[in-house]
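Colleague: Pasting in a structure now, in structure tokens, and then I'll have a few things to ask.
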Amino acid sequence: MYLDHHTFQSGDHHFCCSSLLFCLRPKPVVVVGRVNDVLLRSKVVKGEIGGGAVGDTVLMRSQEADKPPYVAKIEKIEADSRSNVKVRVRWYYRPEESLGGRRQFHGVKELFLSDHYDIQSADTIEGKCIVHTFKNYTKLDSVGSDDYFCRFEYKAATGGFTPDRVAV
């Protein structure tokens, strides 16, 4: 039930929304957003870690159960004509997913920010993660399971990297 442009009611819970955001709640998490003055909602995250907003990096469920979740940066949140929430993402690649494959100098938690964009259902978001610069990653006191680092941008079509070399 929509109460006004800024409030959404779901059962006995009221959510306030003044801009596009994910309201974090215990399982399941409710996505609440506003696009062209239309409030959006969708149950998305069933895990302990919730949601995200434009600019956040998130873990996205793989279609293959034996593969780790994909990592993506949320670029935009929107809804289709049936109010299904979609996210436009920019993918991070793992070294083994790149044309050159994993090399000896790649870190276990290393990712490459790609020029590959896609639109996915918000239902595939498993939770948030953090992609650090390499410099900040090396300064972490403790590396969590959702901590990654990135020191290259990757051109998916050509297999090229920016920068094309770093000190190791």
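Just so it is clear, none of the values below were taken in a lab; they were calculated from the coordinates. Only a predicted model underlies this, so the values are computations on that prediction, with no experimental measurement involved. Using ideal geometry, Cβ is built from the backbone for each residue, glycine included, and neighbour counts are taken over all protein chains shown.
Colleague: Taking 7 Å along the Cα-to-C-beta vector as the label spot, tell me the residue 105-residue 63 distance in nanometres, rounded to one decimal.
Modeller: In this crude spin-label approximation the distance works out to 3.5 nm.
Colleague: Report the paramagnetic label zone for residue 162: residues of region 88-120 whose backbone N is under 18 Å from a point 7 Å from Cα along the Cα-to-Cβ axis.
Modeller: The answer is 90-93, 99, 111-118.
Colleague: Please report the net charge: other residues with Cβ closer than 11 Å to the Cβ of residue 134, K and R +1, D and E -1.
Modeller: With Lys, Arg at +1 and Asp, Glu at -1, the neighbours total +3.
Colleague: If each Cα of region 49-162 is one equal point scatterer, what is log10 of I(q)/I(0) from the Debye formula at q = 0.13, 0.22 Å⁻¹?
Modeller: Computed log10 I(q)/I(0) values: -0.51, -1.32.
Colleague: So the label point goes 7 Å from the Cα of residue 75 along Cα→C-beta, right? Which residues of region 114-132 then have their backbone N under 12 Å from it?
Modeller: Correct set: 114-120.
Colleague: Could you calculate the contour length gain from residue 88 to residue 147, that is, 0.36 nm times the residue separation minus the distance between their Cα atoms, to one decimal place in nm?
Modeller: 19.1 nm is the gain from fully extending residue 88 to residue 147.
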